[in-house]
1. Does Thr63 qualify as being over 21 Å from Pro9 (Cα atoms), polar (S, T, N, Q), surrounded by 10 or more Cβ atoms within 10 Å (Cβ to Cβ) and modelled with pLDDT of 90 or more?
2. For Ala35, indicate whether it is modelled with pLDDT of 90 or more and within 28 Å of Leu2 (Cβ to Cβ).
3. Using beta carbons and a limit of 9 Å, which pairs, at least six apart or on different chains, have the first residue in segment 34-56 and on the phi > 0 side of the Ramachandran plot and the second one part of a helix (DSSP H, G or I)?
4. Taking segment 26-52, which residues are surrounded by fewer than 10 Cβ atoms within 10 Å (Cβ to Cβ) and among the acidic types (Asp, Glu)?
5. Please work out if Leu23 is part of a helix (DSSP H, G or I) and either surrounded by 10 or more Cβ atoms within 10 Å (Cβ to Cβ) or touching a strand residue (DSSP E or B) at 6+ places or on another chain (Cβ under 7 Å) (or both).
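The values are calculated or read from the model by the stated rules, or taken from the named source; none is laboratory data. Everything quoted here is computed from the prediction, not taken from an experiment. Every residue, glycine as well, gets a Cβ built from its backbone with ideal geometry; the counts of neighbours run over all protein chains shown.
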Amino acid sequence: MLRVLISLPATGILTIVCGLSVLATSIFTDRYQEAIQLFWAKGILFVCGVSLKVEGLEHLDRTKRYIYIS
């Protein structure tokens, strides 16, 4: 219960800050959007206490985008 009380406001604040940052930087350049999105995703996982282990990353093409659903 304590984790929920901490993670919900923290994810909301993180989403607002990162979302506004992406909007602000998109006016001038697309250069920083991916870095901000990555920071947001890792921040959400950290705040919620989720550990992430990636295997087989070398098999992915870095020029393509992927969506994984589990």
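1. Details: over 21 Å from Pro9 (Cα atoms): yes; polar (S, T, N, Q): yes; surrounded by 10 or more Cβ atoms within 10 Å (Cβ to Cβ): no; modelled with pLDDT of 90 or more: yes.
So Thr63 does not fit the description; no.
2. Values: modelled with pLDDT of 90 or more: yes; within 28 Å of Leu2 (Cβ to Cβ): no.
No, not satisfied.
3. Cβ pairs passing all conditions: Gly49/Arg3; Gly49/Ser7.
4. Asp30 - this is the single residue of segment 26-52 that is surrounded by fewer than 10 Cβ atoms within 10 Å (Cβ to Cβ) and among the acidic types (Asp, Glu).
5. Working: part of a helix (DSSP H, G or I): yes; either surrounded by 10 or more Cβ atoms within 10 Å (Cβ to Cβ) or touching a strand residue (DSSP E or B) at 6+ places or on another chain (Cβ under 7 Å) (or both): yes.
Against the criterion (part of a helix (DSSP H, G or I) and either surrounded by 10 or more Cβ atoms within 10 Å (Cβ to Cβ) or touching a strand residue (DSSP E or B) at 6+ places or on another chain (Cβ under 7 Å) (or both)), Leu23 qualifies.
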